[in-house]
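One structure is given below, encoded as structure tokens.
Please treat every number below as a calculation from the coordinates, not as lab data. All values reported here derive from a predicted model rather than from experimental measurement. Please note: Cβ atoms are built from the backbone with ideal geometry, for glycine as well, and neighbour counts cover all protein chains shown.
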Amino acid sequence: MRVLIVGAGIAGLSLGIALRRIGADADLVDVTEDTEGASIGLTGRAVDVLAEIGVLDACAAAGRVLGPGRSVFDELRDEHGTRLPIPGPPGPPRPPAPPSGLPSAITIYRPELARILRAAADDAGASRRVGPTVETLRQDADGVDVTFTDGTTGWYDLVVGADGIRSTVRRLIYGDLIQPIYTGHMSLRWILHDGPEGEPGFYTRTGGMVAIAPLPSNVTYLATGLDMPNERVDPATARQLLRDVLAPYPAPYLQALRTAITEDQTVLARPFEWLLVPEPWHRGRVTVIGDAAHATTALLSSGGGMALEDAVVLAQELAATPTPEKALDAFMARRIDRVRTVVEVSVELLEMQKSNADQRAIGAVRGRALGALSAPY
């Protein structure tokens, strides 16, 4: 089987690795090899995927590892930095994660994750081309004829769009019917090298939250955001927005970090958007996965994990099912409920945060979702 993967991000590279492990040919194309981003949290079953595609050890060595039974949401603090009790859900307890013996989460610098996945895809024998992307698709019962933007052509048994929230493949099969929805919230993310020392965790105040995670080599990752119009934010404005968000937090650590936002620092300002492609995600032998199918906000720390899961589940179904069309149907059946949970609950958590909902109520919503996601993919 020959598969074209459009997009070489988390979903695309992971799918390339997984396909090679089942003996399929995988061709990846992407317009660039540059990886923008700060840090990403891979929680729960996402760690199982890293093990399944053979990159767990490399990711653990490059990131911050939480051992079994722990959660990235355990370190909750108030605006002064005082540790708060973990809010337990009212009602039935969250189901325990099945014991795998693997770490519960890995937080890793996104460009480093991309480097690890690219190396693993190359080692597995996946083909990668940087520059062209898909221009046209023409399919029949036997396969898909593809024309690329550089004028080259190819024939494939299956085409997979893993090309992100503004997916070209999704547009080619759905037109402009499905567009990202802005939540009204702009995310701010910052990677600081050799910054001040302090306690990591989720710092909360009325209507807001600041997440801080340490990474190897004395690197600090900070994520927060604010409500504002969906507009382009230049670098100087992004730095000032972050200063403004941190200003009301009296915690000494946050104020020390605020002081470190000097003019040479890069703060990424990106809109929190979401989308969920309705069933099915495929048309014939062309499908979308990852953010191209189900983009989400970061409030459940599960968007990257869903992309990883998509990759291995699709490879599993292609190996187990006689035709690509039947494999895509089986893939859809396994994925839709999990990704719908992540998309819908992530948006719900953002709205609860913005409305200053009680942390116990937020914890209950998050806990039920994480409990459901602890089941095998």
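Taking a quarter of the surface of the Cα convex hull of segment 185-271 gives a mean projected area of 5.3 nm². Show me, bin by bin at 10 Å from 0, the whole-percent P(r) of the chain based on Cα pairs. Binned Cα distances yield the sequence 5, 24, 33, 25, 11, 2, 0.
Taking Lys and Arg as +1 and Asp and Glu as -1, the other residues whose beta-carbon sits under 14 Å from that of Glu309 total -1. Remark: relative contact order (the chain) = 23 percent; criterion is Cα-Cα distance under 8 angstrom and separation of 6 or more residues.
Computed per residue of the chain from DSSP H runs no shorter than four, each worth -39500 (n - 2.57), the mean residue ellipticity at 222 nm is -11500 deg cm²/dmol.
The distance between label points at Thr262 and Arg360 comes to 4.6 nm (points 7 Å beyond Cα on the Cα→Cβ vector). Of the DSSP H helices in the chain, those with a Cα length along their own long axis of 30 Å or more and a mean Kyte-Doolittle hydropathy reaching -0.5 comprise 324-354. Take the Cβ-Cβ distance between Thr136 and Asp329 as r, set R0 to 25 Å, and report the resulting FRET efficiency rounded to the nearest 0.05. For Thr136 and Asp329, the calculated efficiency is 0.50. Counting 0.36 nm for each residue step from Glu36 to Ala320 and taking away their Cα separation leaves a gain of 98.7 nm. The distance separating the Cα centre of segment 1-38 from that of segment 199-233 comes to 30 Å.
Work out the FRET efficiency for Leu177 and Arg243 from their Cβ-Cβ distance, taking R0 = 35 Å, and round it to the nearest 0.05. Computed FRET efficiency for Leu177 and Arg243: 0.30. Extending 7 Å from the Cα toward the beta-carbon at both Asp234 and Asp123 defines two label points whose distance is 4.5 nm.
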